[in-house]
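Beneath this line is the structure, given in structure tokens, with notes to follow.
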Amino acid sequence: MKLDSKYFDCIRVKPDQDRLKSQHAAVCSWPGCDKPGMHRAPKGRGREGEYHLFCLDHVRDYNKSYNYFSGMSDDEVAAYQKASMTGHRPTWSSGINAWAATGFKSAAEGHMRGFKRDFETIDPFGFFKGAERHSAGGQAAPPRPIRNAERKCFRALDLPEDSTQEEIKARFKALVKLHHPDSNGGDRGHEDRLREVIQAYNYLKQAGFC
């Protein structure tokens, strides 16, 4: 192989000057600068994957003033930071299930009940009438199962497990008023009990009991 062969030049540790010039042909994007643009800098929000090419001095100046959240309000920045914790993917609140949210054992049951009502007038074979008579016959719905965590919350509020929403809310207000420092002359000795009551009420509220 000849020493001036193009194939030999490709594997040189240091390529010739013509090749260096072709690799460094990009000019700095800074206005009025004609130095080689060797350093990439992101163009900003909404243009991910796009970059400016700057020389070393101007890429430093650009990075000092770069702000990804420029033009966003405080609420938008806070929402973006919160969404970034989950990779900007939708999430669901813990402790909420189909029973608590809809009153049905499953979402499918809720959809089927709506289906029966919507198509009652076009049911020539009476497929759904038996189910409607069964539900209209006054038979009580099966009691909702109580989990251990919910049972502990009822005990923390000194309430039976079959308490109504009004009873839970009334007991919560009474206990908060009883154990709050303002009702005890500033005495904070009941704060642990107050915290327990608030946590129990919030858990029952998320689970759909009140």
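The values are calculated or read from the model by the stated rules, or taken from the named source; none is laboratory data. Because the structure is predicted, anything quoted here is derived from the model rather than measured. When we count neighbours, we look across all protein chains shown, and the Cβ atoms used for this are built from the backbone with ideal geometry, even at glycine.
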Near pairs, Cβ below 7 angstrom, 6+ apart or cross-chain, from the stretch 50-78 (closer than 19 Å to His88 by Cβ) to any residue that is among the basic types (Lys, Arg) and surrounded by 13 or more Cβ atoms within 10 Å (Cβ to Cβ): Tyr68/Arg45
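If a residue has to be surrounded by 10 or more Cβ atoms within 10 Å (Cβ to Cβ) and either at pLDDT below 85 or under 18 Å from Asn67 (Cα atoms) (or both) to count, how many in the stretch 16-33 make the cut? Don't jump to the end; show me each part of the working.
Narrowing the stretch 16-33 to residues surrounded by 10 or more Cβ atoms within 10 Å (Cβ to Cβ): 16, 19-21, 23-24, 26-30, 33.
Now narrow it down to the ones that are either at pLDDT below 85 or under 18 Å from Asn67 (Cα atoms) (or both): 16, 19-21, 23-24, 26, 30.
Total meeting the criteria: 8.
If you take the residues in the stretch 153-189 that are in a loop (DSSP other than H, G, I, E, B) and surrounded by 16 or more Cβ atoms within 10 Å (Cβ to Cβ), which one is nearest to the chain's Cα centre (by Cα)? Please lay out each step first, then the result.
Residues of the stretch 153-189 in a loop (DSSP other than H, G, I, E, B): 157-164, 180, 185-189.
From what's left, surrounded by 16 or more Cβ atoms within 10 Å (Cβ to Cβ): 157, 159, 163.
On the way: Leu157: 31, Leu159: 34, Ser163: 32 Å.
Among those that are in a loop (DSSP other than H, G, I, E, B) and surrounded by 16 or more Cβ atoms within 10 Å (Cβ to Cβ), it is Leu157.
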Of residues in the stretch 34-44 being out of contact with any helix residue (DSSP H, G or I) (no Cβ under 9 Å at 6 or more places or on another chain) and in a loop (DSSP other than H, G, I, E, B), the one nearest to Tyr68 (Cα to Cα): Gly44
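Only one of these is within 25 Å of the chain's Cα centre (by Cα) and at pLDDT below 80: Ser93, Ser73. Name it. Quick ask: steps written out before the conclusion?
Values: Ser73 fails: at pLDDT below 80.
One residue alone meets the criteria, Ser93.
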Evaluation of Tyr62 against (1) at pLDDT below 65; (2) under 46 Å from the mean Cα position of the chain (by Cα) (one fails), failing number: (1)
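Mind counting the residues in the stretch 195-210 that are of a type in the set (A, V, I, L, M, F, W, C) and modelled with pLDDT under 90? Give the derivation first.
Quick first cut of the stretch 195-210, residues of a type in the set (A, V, I, L, M, F, W, C) only: 197-198, 200, 204, 207, 209-210.
Checking the rest, the ones that are also modelled with pLDDT under 90 come to 207, 209-210.
Residues in the stretch 195-210 being of a type in the set (A, V, I, L, M, F, W, C) and modelled with pLDDT under 90: 3 in total.
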